[in-house]
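Undergrad: Please see the structure below; I have some questions.
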Amino acid sequence: MVKKGETLYEIARAQYKSETAWKAIYEANRDRLQNPGDVRAGMKLVLPPASAVAAGASETAPAAKSAAQTYTVRKGENLHTIADKMYGSQSYWTLIRDANKDKLTDVDEVRAGTKLVLPPKPGSR
């Protein structure tokens, strides 16, 4: 069961000791998750067998350097609310801003539907 503030990346690190296994978790839960950022506390996720995750590792190896997630902004959200939801603290809003400077004109009013890059939380590697 997903704990408050957990992301697919953090679950992957805890369950599989892998920075890229979040993709396998996301694929196994496409029926529950519209995008990787849809993870919420209390959700029950399907965790694929470690052998399936390891088999897919060769396909995802080039992405191992960047374990960032993509997040689709919903109506009424801003960088502070997204940081709180995805990282457990609003103080990480600058992390999102810095990774998406090319997509943002106003950090307080982010358009719904905008796809943001969410880098790994500092210290989670």
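Undergrad: Would you point out the residue of the stretch 65-77, among those that are in a loop (DSSP other than H, G, I, E, B) and within 19 Å of residue 34 (Cα to Cα), that is modelled with the lowest pLDDT?
TA: Taking the candidates together, the pick is 67.
Undergrad: Which one is modelled with the lowest pLDDT among residues in the stretch 78-93 that are surrounded by 16 or more Cβ atoms within 10 Å (Cβ to Cβ) and among the hydroxyl-bearing types (Ser, Thr, Tyr)?
TA: Residue satisfying both the conditions and the ranking: 87.
Undergrad: Only residues that are under 22 Å from residue 51 (Cβ atoms) and acidic (Asp, Glu): list them for the stretch 1-29, please.
TA: Of the stretch 1-29, the ones under 22 Å from residue 51 (Cβ atoms) are 8-29.
Across the stretch 1-29, the qualifying residues are 10, 19, 27.
Undergrad: Being touching a helix residue (DSSP H, G or I) at 6+ places or on another chain (Cβ under 6 Å), within 21 Å of residue 9 (Cα to Cα) and surrounded by fewer than 19 Cβ atoms within 10 Å (Cβ to Cβ) is the filter here; which residues of the stretch 98-118 pass it?
TA: The answer is 117, and nothing else.
Undergrad: Here's a check for you: in the stretch 25-44, which residue that is crowded, with 18+ Cβ neighbours inside 10 Å and at pLDDT 85 or above is nearest to residue 79 (Cα to Cα)?
TA: Of the residues in the stretch 25-44, the ones crowded, with 18+ Cβ neighbours inside 10 Å are 25-26, 29, 33, 36-37, 39.
The next check asks that each one be at pLDDT 85 or above; those that pass are 25, 39.
Numbers: 25: 25, 39: 17 Å.
The residue in question is 39.
Undergrad: Something else about it: Please go through the stretch 1-26 and pick out each residue that is part of a helix (DSSP H, G or I) and free of Cβ contacts under 8 Å to residues at least 12 places away in the same chain.
TA: Hit for the stretch 1-26 is 14, nothing else.
The values are calculated or read from the model by the stated rules, or taken from the named source; none is laboratory data. Everything numeric here is computed off the predicted structure, so don't read it as measured data. Note that we place each Cβ from the backbone using ideal geometry, even for glycine, and neighbour counts take in every protein chain shown.
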